[in-house]
Amino acid sequence: MADMKKLPVTYPMITSWQWHATLFSILSDDENAKKWIFSNYIQLRCYNIQEIFTGDDMLLMDMMPGSSSLKQCPYLIFSLLTKAQIESYCGNIIDFIIKTIDLNGYVYGVFDEAKILCDAEVDYKFPHELFIYGYNRDEEVFYVGDFTFQDHYSYNTVSFSDLERGYEVITEQDDHVFKDDHKGGRGLYVVMKNTEHPTYELDIELVKENLREYLNSQDTKNHFRMLRNRFNDTTFGIKVYDKVLSQIDKQLHAEEPDFDIRALHVMYDHKVLMYERIKYLMNHGFLKYNQETLDEYHTVVVNMLTARNLLVRISITGEIESSVRFKTYLDAAKEKEIGILFKILAELEDN
Amino acid sequence: MEKEQIVKKLEEVIHDVMPEIGDINMSASITNEYGVNSVSLIRLIVAAESKFDVSFTDYELALSGYDTFGDLAATVAEKLA
């Protein structure tokens, strides 16, 4: 075994959730993978859940495919290993991760990041997904990607011993990745790149269908009910703008206003990716190159970013009266986006 | 206000908001060198507004507008001019 190995990563184009940051860390500079990425991530959906850690009401926003993207992306090879398998095959988690990285496998799963971050013993857990892409035996560290260490997505190191502690204390109940998707249990994902051959071409029919469903706020999840049918109160497409406004309005008028900007961050990432998609479609002949359209869509990106930043500012200063401007930015983004995407859909349907 | 005074006062703001930062190089990358992110930048801007009695527009809250603390000082200087 080598003393040190780092699998390739690129700082991700979008970072809103750990599963997206992981997939884009592995794939976002790959030209084949872009064909799948730009065929997907068009539909937005949101629903209310209870936050895992606090129990607070939370609007969970995501692009489709959501957290299942690591399993479903054809440019990745996905394996699931239970804790029992890991122990049986390798004896301990450190050897397992090192051997997996030696075989070019990235590791993803839930660890207690309170154990990883705090030197002192703490009586609470912070179970969170961690993305592991390398190791250094001399320094006894793993190279990881996560949001927890610097309050934004970043690549850091975690010592072998902290990571082992963070792994061992997670129970089946704490492992929300396995609980949600794999009928309980405890384990990790191994993800490998599968980008050598173009196994998935840009699917322009899927792009058109996704754009139609996004613009008409149609229920895209109905296509996938054979896989999952847990949620029936989901809002789709353009209507998520109204849902997010209503959620923020509720938070603004609470006795102690407390803002959750995650939904807005997902919407901002959605606009960033849509801008890149439009550019890609123009550069690859699916749309006529039109700088004016790109510039106009860029104002959607800017207005979403400004809305998000203004909400951060309000949360710091408590200037609730500024929320009038927040609605203005969101409304401007929505109106402009509808106009541009209908125009793009019409051009794609004419071709 | 002289440029040097602006830099000195801005350094005080940075140390108040991000006490973990030691010596400040006004030309170094604020993201790579000092770990400033979109939220901490807005904290810095809000504190700078109060310190210098200036106002930043909503569009000026974007992290992409500032590569260095020197860029932030330059924006403050423009507002004070």
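The values are calculated or read from the model by the stated rules, or taken from the named source; none is laboratory data. Predicted, not measured: the structure shown is a model, and the values here were computed from it. Neighbour counts are summed over all protein chains in view; Cβ atoms, including those assigned to glycine, are modelled from backbone coordinates with ideal geometry.
Worth a mention:
- Residue match in segment A:256-267 (condition: in contact (Cβ under 8 Å) with a residue 24 or more places away in the chain, basic (K, R) and part of a helix (DSSP H, G or I)): yes
- Those helices (runs of 4 or more DSSP H) of segment A:1-80 in which 2 or more residues are touching a residue at least 12 places away in the same chain (Cβ under 8 Å) and within 27 Å of A:Q247 (Cβ to Cβ) occupy A:18-27.
- Any hit, segment A:303-326, residues being at pLDDT 95 or above and more than 19 Å from B:G65 (Cβ to Cβ): no
- Conditions (1) more than 14 Å from every other protein chain (Cβ to nearest Cβ); (2) assigned to a helix (DSSP H, G or I); (3) buried (at least 17 other Cβ atoms within 10 Å of the Cβ): number failed by A:E292: (3)
So that you can scan it fast, the table gives a plain yes or no per residue for (1) out of contact with any helix residue (DSSP H, G or I) (no Cβ under 7 Å at 6 or more places or on another chain); (2) over 30 Å from A:I344 (Cβ atoms):
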| site | (1), (2) |
| --- | --- |
| A:G187 | no, yes |
| A:Y200 | no, no |
| A:N210 | yes, no |
| A:E213 | no, no |
| A:N216 | no, no |
| A:R228 | yes, no |
| A:T234 | no, no |
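- When residues in segment A:221-248 are screened for being in a helix (DSSP H, G or I) and without any contact (Cβ under 8 Å) to a residue 24 or more places away in the chain, 6 of them pass.
- Subset tally (residues that are surrounded by 14 or more Cβ atoms within 10 Å (Cβ to Cβ) and aromatic (F, W, Y)) for segment A:72-90: 2
- Subset tally (residues that are within 8 Å of chain A (Cβ to nearest Cβ), at pLDDT below 95 and surrounded by fewer than 15 Cβ atoms within 10 Å (Cβ to Cβ)) for segment B:31-70: 0
- Scoring B:A28 on the criteria (1) of a type outside the set (S, T, N, Q); (2) surrounded by fewer than 16 Cβ atoms within 10 Å (Cβ to Cβ); (3) farther than 17 Å from A:R313 by Cα; (4) within 14 Å of chain A (Cβ to nearest Cβ) leaves a single failure, condition (4).
- Answer from A:H152, A:H176, A:H182 - the residue that is within 14 Å of chain B (Cβ to nearest Cβ) and more than 19 Å from A:I37 (Cβ to Cβ): A:H152
- Screening A:N136, A:N194 for residues that are out of contact with any Pro (no Cβ under 8 Å at 6 or more places or on another chain), modelled with pLDDT of 90 or more and not small (G, A, S) leaves exactly one candidate, A:N136.
- Checklist (1) outside the structural domain of A:K83 (by TED's automatic domain parsing); (2) touching a residue at least 24 places away in the same chain (Cβ under 8 Å) applied to A:Q218, failing item: (2)
- Restricting segment A:325-344 to residues that are of a type in the set (K, R) and either away from chain B (no Cβ under 14 Å) or closer than 20 Å to A:Q43 by Cα (or both) leaves a set whose member that is surrounded by the most Cβ atoms within 10 Å (Cβ to Cβ) is A:K334.
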